[in-house]
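Undergrad: I am attaching a structure below and will ask some questions about it afterwards.
The values are calculated or read from the model by the stated rules, or taken from the named source; none is laboratory data. No experiment lies behind these values; they were computed from the predicted model shown. Neighbour counts are summed over all protein chains in view; Cβ atoms, including those assigned to glycine, are modelled from backbone coordinates with ideal geometry. To get the accessible areas, we keep the full protein, side chains included, count just its heavy atoms, and leave off ligands, DNA and RNA. Shrake-Rupley method; radii C 1.70, N 1.55, O 1.52, S 1.80 Å.
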Amino acid sequence: MAYHALILRNPARAEATVHEFGKLGITSWCAQLIETIWPRDREALDRMASRLAGGQYSWLVLTSVSTVQVLGQLLAGRPLPPQLRIASVGEKTSQAIAATLGRRADVQPQLQSAAGMLQQWHPEPGARICYPHGDLASSALADGLAGQPVTVDEVIAYQNVNAPASGTVLDGSTAKGALNILPPGAIGEKLVEMDLVVFSAPSVARRYTQLAGDRLPPRVHTIAIGAPTAKAMAEAGLPVHAIAAEPTPQGLARAAKDLLQLDGIAAAEETK
């Protein structure tokens with residue numbers, strides 16, 4: 001039996017998951033429902049970048065790869081002050097910090113979420129914290145920091161809009177390999193061929209229901225990349241069959257393996 005998955009994510013960022021799914025004998029299709037674009041007014045962002053490069057912050061908090069990309073472009077080669085400490089939400093963001101900003105995260109929680117950060121990160125009293133984030137970011141982290149004796153400067157680093165976008169796209173990268181790509185409007189009719197649908201963000205879950213409703217064929221299983229996405233899926237009336245233990249290609253592959261009860265390509269071939 002052959003298995004098919006629909007990964008609702010930018011194809012370039014879904015490519016590693018496609019590869020991991022391929023090891024399990026799963027053929028993947030990618031559809032990008034949400035695009036990240038620059039805010040129309042970048043004045044607040046430019047001021048934040050100047051303060052950051054000028055050493056006015058104790059901590060920099062980064063909760064997405066997209067935010068790291070924004071900072072990399074805003075800093076334009078200016079180094080971050082050596083005394084600045086960085087709190088990262090998780091592995092993928094930390095990897096982007098190293099690749100784009102040339103720094104290592106000082107704090108990365110085991111539970112890769114805002115809740116995990118609040119559990120393991122305890123900034124010192126009086127710290128001034130720079131917290132750039134997307135326009136749809138949960139308020140959980142900001143609310144948690146508001147109860148501590150610190151100063152938090154928040155700024156919107158990017159906006160999430162329906163794809164295809166009309167603004168200036170933040171991430172113009174393309175997949176390196178040949179992938180199966182669907183336009184957003186075609187996902188509804190393709191669902192009947194799928195065994196698995198992967199939701200990569202809360203905004204993706206909401207956009208999905210606008211395009212395809214909240215009904216799925218009985219054979220289709222769903223995976224949420226994390227707890228916030230699972231919550232958005234449930235609120236939108238979508239079933240949540242699994243939540244990836246880690247928001248990584250490997251974490252998603254393990255969830256897919258458990259849901260479909262796969263042992264790898266050899267086992268998949270034996271069932272044909």
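Undergrad: Do any strands (runs of 3 or more DSSP E) entirely within the stretch 143-224 hold 1 or more residues that are more than 19 Å from V18 (Cα to Cα), open to solvent by 70 Å² or more (accessible area, probe 1.4 Å) and in contact with a Phe, Trp or Tyr (Cβ under 7 Å, 6 or more places away or on another chain), and if so, which?
TA: Values: elements: 151-162, 196-199, 221-224.
Correct list: 151-162.
Undergrad: Now, a different point. Pick from the stretch 64-88 the residues that are among the polar types (S, T, N, Q) and assigned to a loop (DSSP other than H, G, I, E, B): which of them is nearest to the chain's Cα centre (by Cα)?
TA: So, considering only residues that are among the polar types (S, T, N, Q) and assigned to a loop (DSSP other than H, G, I, E, B), the one nearest to the chain's Cα centre (by Cα) is S64.
Undergrad: Now, a different point. Please indicate, with yes or no, whether at least one residue in the stretch 48-56 is within 24 Å of the chain's Cα centre (by Cα), open to solvent by 10 Å² or more (accessible area, probe 1.4 Å) and either over 25 Å from N160 (Cα atoms) or not hydrophobic (A, V, I, L, M, F, W, C) (or both).
TA: Among the residues of the stretch 48-56, not one is within 24 Å of the chain's Cα centre (by Cα), open to solvent by 10 Å² or more (accessible area, probe 1.4 Å) and either over 25 Å from N160 (Cα atoms) or not hydrophobic (A, V, I, L, M, F, W, C) (or both), which makes the answer no.
Undergrad: Name the residue that is farthest from S64 (Cα to Cα), counting only residues in the stretch 136-154 that are out of contact with any His (no Cβ under 9 Å at 6 or more places or on another chain) and among the small types (G, A, S).
TA: G147
Undergrad: Another question about this same structure. Here are the criteria: (1) farther than 30 Å from A2 by Cβ; (2) over 19 Å from the mean Cα position of the chain (by Cα); (3) modelled with pLDDT of 95 or more. Tell me which single one T27 does not satisfy.
TA: Condition (1) is where T27 drops out.
Undergrad: Return the residue satisfying two criteria in turn: it lies in the stretch 26-43 and is in contact with a helix residue (DSSP H, G or I) (Cβ under 7 Å, 6 or more places away or on another chain) and assigned to a strand (DSSP E or B), and of such residues it is farthest from L252 (Cα to Cα).
TA: T36
Undergrad: Among residues belonging to the stretch 225-242 that are assigned to a loop (DSSP other than H, G, I, E, B) and within 14 Å of the chain's Cα centre (by Cα), point out the one that is modelled with the highest pLDDT.
TA: I225
Undergrad: Do you know which residues across the stretch 98-142 are among the hydroxyl-bearing types (S, T, Y) and in contact with an Asp or Glu (Cβ under 6 Å, 6 or more places away or on another chain)?
TA: Residue satisfying the conditions is Y131 alone.
Undergrad: Would you check which residues across the stretch 94-123 are assigned to a helix (DSSP H, G or I) and open to solvent by 10 Å² or more (accessible area, probe 1.4 Å) and list them?
TA: S94, Q95, A96, A98, A99, T100, L101, A114, A115, L118, Q119, Q120 - these are the residues of the stretch 94-123 that are assigned to a helix (DSSP H, G or I) and open to solvent by 10 Å² or more (accessible area, probe 1.4 Å).
Undergrad: For the structure I just gave you, tell me whether A245 is more than 25 Å from V70 (Cβ to Cβ), at pLDDT 90 or above and open to solvent by 70 Å² or more (accessible area, probe 1.4 Å).
TA: Here the answer is yes, as A245 does meet what is asked.
Undergrad: Tally time: how many residues in the stretch 1-11 are open to solvent by 30 Å² or more (accessible area, probe 1.4 Å) and farther than 13 Å from V197 by Cα?
TA: Within the stretch 1-11, residues that are open to solvent by 30 Å² or more (accessible area, probe 1.4 Å) and farther than 13 Å from V197 by Cα number 2.
Undergrad: Assess whether P132 counts as being surrounded by 18 or more Cβ atoms within 10 Å (Cβ to Cβ) and outside any helix (DSSP H, G or I).
TA: Numbers: surrounded by 18 or more Cβ atoms within 10 Å (Cβ to Cβ): yes; outside any helix (DSSP H, G or I): yes.
Taking the combined requirement at face value, the residue satisfies it.
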